[in-house]
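Have a look at the structure below before the remarks.
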Amino acid sequence: MFQFINTLLIGVTAGSIYSLMAIAIVLVWRSTRVVNFAAGGLALASSFVGAAILEKSGSFWIALPVAMLAGAVFSAFIEYFFLRPLLNRSGEKNQEIFLPIIATLGLLGIIKAVLNFIYGDRIGVIPPPLSDKGFIVSGESIALSPLRILILGIVLLLMIVLTIVFQRTNLGLSLRAASFAPEISRLAGIRVDLIRTAGWAISGAAGATAGILQTTNGSGSIAPESFEFSLLLVFGFVAAVIGGIESLVGAVLGGLTLGIILAIILMYVGGSLVFFAAFLILILVLLVRPQGIIGVKGGRRA
Amino acid sequence: MLKIENLTVDHGAIRALHGVTFNIEKGQLAAVIGANGAGKTTLLRTLSGLNKASEGAAHWGEHNILHAKPESLVRHGISHVSEGKSVIPELTVADNLDLGALWRRNRKEAAKSKQDVVDLFPRLGERLSQRADSLSGGERQMLAIGRSIMSKPELLLLDEPSLGLAPLVIEQIFQAIRELTTAMGLTVLLVEQNAMGALKIADIGIVLNLGSIAATGSAAALRDDPAVRAAYLGF
Amino acid sequence: MHNRQITNRHRFIGFALIALVVYILSNIVDEWRSYQGATVAVYVVAIASVILLTGYSGQISLGHGALLAVGAYSAALTQIYLHAPVWICFVIAVLTTALFGAILGTAAARLSGPYLAGTTLALAVGLPSIANQFSIFGGEQGISFDAGWPPLSFGENFTQYKWFFWIGSLAALIAMWWVQNILRSRYGRSWRAVKSNEVAAELAGINIGRSKVLAFTISSGIAGLAGALLAMTMNNVSPSAFPLALSFSIATGAILSGVNTLGGVMIGSVALVAIPEIASSIADRWSGSENLATLLPEFIVSALLILTVFLAPKGPIEKLRSRHSK
Ligand SMILES: Nc1ncnc2c1ncn2[C@@H]1O[C@H](COP(=O)(O)OP(=O)(O)O)[C@@H](O)[C@H]1O
Ligand SMILES: [Mg+2]
């Protein structure tokens, strides 16, 4: 029982980080119908920025917002200079999602190569800002530590902020409208191009947070070829698809589902099956609901 | 005044409009009628900046409206209700309406526009918090026009608002459109296949055939023109 | 536009010419180049299978590396447990992977866009790692696959890699011949119809689900062949031979070749093999820094990818063709 609760705690923490990455993927998908593999590279790059700021300032609380800002700027930059011309060229039909996917894969490669060039063998370090020693409950150490509480708190806070932005602000209304019906939105006076860039920027900030949290929750260090980031990208994407790729709530549910089930498998079945389990979970969900947990029926059209 | 000269529009190899020329005075309600595929939608989409013109000119007052983007034309008073109940079903009625006024700085005036819409279509006022996909076809059309009014337009471009609606509802919608010109002073370019209904409320009529203008004149004259009657009014 | 029909005879002559070029090349190049030649053949087959699936049937796959893995393990297990001759191993690899693809395709036929991309991506990450769980697959070390020495009658100077080059090229030629025939058959036409407009295709009486599953099955079979060939060139099959990067490379190769034109398949294959070598020689000449040598190939491939997507989204061949016809 004790072990099971610990497993759940580990799963929820990991899953909440996947949720953030899934949100980053969903935001870009909703605003431009692009599956953004560059999100992994952006998270990595922003985490390096975070590590550099942390080294200079010594404060996690300065490093995190700066990294988020950097993520937003990087992401907006990519949208503006690469994806927008590409999508304009391929026209409004935009049936071919393969081409943008490949373009973002290319961007991922370039980001990693640039980071490799800058950092080489050096690594970025983001040690846990709070203790990662579990609390002691009736003589035993549980998997809940101040660090885990902090991570869950940050993720929760971000989700609340995102919900408020999306549901209560003009920016949020514009973001939702532009993703559902870009043409009608333009006719209503929304500057859809600008709103798309904003969607990418928010996605970049979410991805940066996911990157920083993944690093402190894991080994505490990042390298340009970091396996943890490939993992974050793949699991974030799988979580987004499980959730229905269109829905922020779905992204959160998908991330938590994935995190918890994978933690259970890791604990009780064996580490080498974790990746295959992710595939099985995805295909089982999609067999029951081809449009994901919270997907819309028509969502398959794009 | 809306002044269109020699407007020519291509969809790839297909020429949808061939040198269309006509004028509409401020405050007029003009009906563009024509069969399916005549180029009516293309005309409106070009005027609102969604399609590119190949040749010709179009001016709204002093303002050259070709080569401008839809989102900036809205800011110059041109609002387009596109074909097929142009609302966003996933959003609530209130959100659909608010969308049209997001760009307006003056929130007080935007709130007044909303009041105007609710006065014009009381049924929308009762359903503000419902999602738009729960509305009937007629209500959706009202919402689409309402969203347009939220942008405080001077020139309203309406694409087949009667499409797929019951006769009684069509009557209501046409009444409301007439009111927009008479009571609120808008200029309206109304595109319709329902030629009889449109010509009944319009001041002037423009008959489009295979991308060219076949006839223009006062709506009453067109209604009485035997050739127009035979071709478009069905009797 | 020129109206000259390309007939089967022209195609046959083309294939024979390629075979002749391979024959001549294999006699003048050294061991290392022969190995590269064999690798090009592997990529030709793998990329052809992606082009068939994505370019013609319109289904995205980011997970072809996993299908190669199925083929490679099938070939090796057939050899180890059935002691079958190599060509039987290849045939079994094709059939097993096709069967696997049929099952996967049945699930995938209902999916499209990001859902299919996500599923195939998860497969690429997940499938090879199973090998670590079951001892029959030999864990991290993997299991061996030995395509055998060239026949003695070919002479003493006939090297191992030259032999692989021959086998690979022959397999690639057969596969390409077969694929281009399929693409021009009834099935190929139905795939294109479904890709361009599902509703219209359904109205025309095409069973969309069956058409997609068939494409997935055939593409998988071909990928299985590529996997077996890959196992041959490496003498071994292990999970580390099928990283996510392999799947991405194959997708990259397909884009560089032009994902809608089978004829460009050589371009992507040669690029994938040549770029790392060119990059490392540049890095050597330039600074000799090890860091640069490791990052330059990735940088060049990625930059090429982005350039292709922007400048020749339909692939280099279509680009030349459209320029030619202007
Ligand atoms: N996006 C498009 N691509 C190609 N042809 C089009 C497109 N839109 C309209 N057309 C063609 O242009 C002509 C006019 O169409 P449209 O303006 O929609 O007519 P209407 O609204 O009067 O029915 C038709 O022949 C139609 O087939
Ligand atoms: Mg029309």
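The values are calculated or read from the model by the stated rules, or taken from the named source; none is laboratory data. Just so you know, these numbers come straight off a predicted model, no measurement behind them. So basically every Cβ, Gly included, is an ideal-geometry build from the backbone, and we count neighbours across all protein chains shown.
Here is how the numbers come out for the structure above:
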{"read-out": "Conditions (1) in a helix (DSSP H, G or I); (2) under 15 Å from the mean Cα position of the chain (by Cα): number failed by B:Leu189", "value": "(1)"}
{"read-out": "Test: residue in segment B:5-12 that is within 15 Å of ligand 1 (Cβ to nearest atom) and without any contact (Cβ under 8 Å) to a residue 24 or more places away in the chain", "value": "yes"}
{"read-out": "From A:Thr197, A:Thr257, residue being more than 8 Å from chain C (Cβ to nearest Cβ) and within 25 Å of A:Leu86 (Cβ to Cβ)", "value": "A:Thr197"}
{"read-out": "Test: B:Ile33 is within 16 Å of ligand 1 (Cβ to nearest atom), over 24 Å from A:Val192 (Cβ atoms) and in contact with an Asp or Glu (Cβ under 8 Å, 6 or more places away or on another chain)", "value": "yes"}
{"read-out": "Hey, B:His67 more than 16 Å from the chain's Cα centre (by Cα), away from ligand 1 (no atom under 16 Å from the Cβ) and at positive phi or not", "value": "yes"}
{"read-out": "Answer from C:Tyr43, C:Tyr81, C:Tyr73, C:Tyr115 - the residue that is out of contact with any His (no Cβ under 7 Å at 6 or more places or on another chain), in contact (Cβ under 8 Å) with a residue 40 or more places away in the chain, aromatic (Phe, Trp, Tyr) and more than 18 Å from C:Phe248 (Cβ to Cβ)", "value": "C:Tyr73"}
{"read-out": "Search result, residues across segment A:1-48 that are aliphatic (A, V, I, L, M) and not in a helix (DSSP H, G or I)", "value": "A:Met1, A:Val34, A:Val35"}
{"read-out": "Lone qualifier among C:Ala200, C:Ala193 - being assigned to a helix (DSSP H, G or I) and buried (at least 16 other Cβ atoms within 10 Å of the Cβ)", "value": "C:Ala193"}
{"read-out": "Qualifying residue in segment A:181-188 (condition: closer than 25 Å to A:Val73 by Cα, modelled with pLDDT of 95 or more and not charged (D, E, K, R))", "value": "yes"}
{"read-out": "Criterion (charged (D, E, K, R), farther than 21 Å from B:Leu143 by Cα and assigned to a helix (DSSP H, G or I)) met by exactly one of A:Arg176, A:Arg196", "value": "A:Arg196"}
{"read-out": "Subset of segment C:103-131 (residues that are β-branched (Val, Ile, Thr), surrounded by fewer than 23 Cβ atoms within 10 Å (Cβ to Cβ) and facing chain A (nearest Cβ under 8 Å))", "value": "C:Ile130"}
{"read-out": "Residue list for segment A:173-194, filter: among the polar types (S, T, N, Q) and either facing chain B (nearest Cβ under 7 Å) or more than 21 Å from the chain's Cα centre (by Cα) (or both)", "value": "A:Ser174, A:Ser185"}
{"read-out": "Condition check for C:Gln79: surrounded by 20 or more Cβ atoms within 10 Å (Cβ to Cβ), over 30 Å from C:Gly139 (Cα atoms) and of a type in the set (S, T, N, Q)", "value": "no"}
{"read-out": "Restricting segment A:154-180 to residues that are crowded, with 19+ Cβ neighbours inside 10 Å and either under 25 Å from B:Arg75 (Cβ atoms) or not aliphatic (A, V, I, L, M) (or both), the residue that is modelled with the lowest pLDDT", "value": "A:Ser179"}
{"read-out": "Contacts under 6 angstrom Cβ, first residue in segment B:30-42 being farther than 17 Å from B:Leu199 by Cα, partner within 8 Å of ligand 2 (Cβ to nearest atom) and in a loop (DSSP other than H, G, I, E, B), 6 or more apart", "value": "B:Thr41/B:Glu83"}
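For (1) farther than 30 Å from B:Ser129 by Cβ; (2) within 16 Å of ligand 2 (Cβ to nearest atom); (3) within 11 Å of chain A (Cβ to nearest Cβ); (4) touching a Leu at 6+ places or on another chain (Cβ under 7 Å), each residue gets a yes or a no:
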residue	(1), (2), (3), (4)
B:Asn6	yes, no, no, no
B:Asp10	yes, no, no, no
B:Leu29	yes, no, no, yes
B:Thr42	yes, yes, no, yes
B:Lys69	yes, no, yes, no
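Per-residue answers, yes or no, for (1) over 14 Å from the mean Cα position of the chain (by Cα); (2) within 30 Å of A:Glu246 (Cα to Cα):
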residue	(1), (2)
B:Arg15	yes, no
B:His18	yes, no
B:Phe22	yes, no
B:Thr46	no, no
B:Lys52	yes, no
B:His59	yes, no
B:Val74	no, yes
B:Leu91	yes, yes
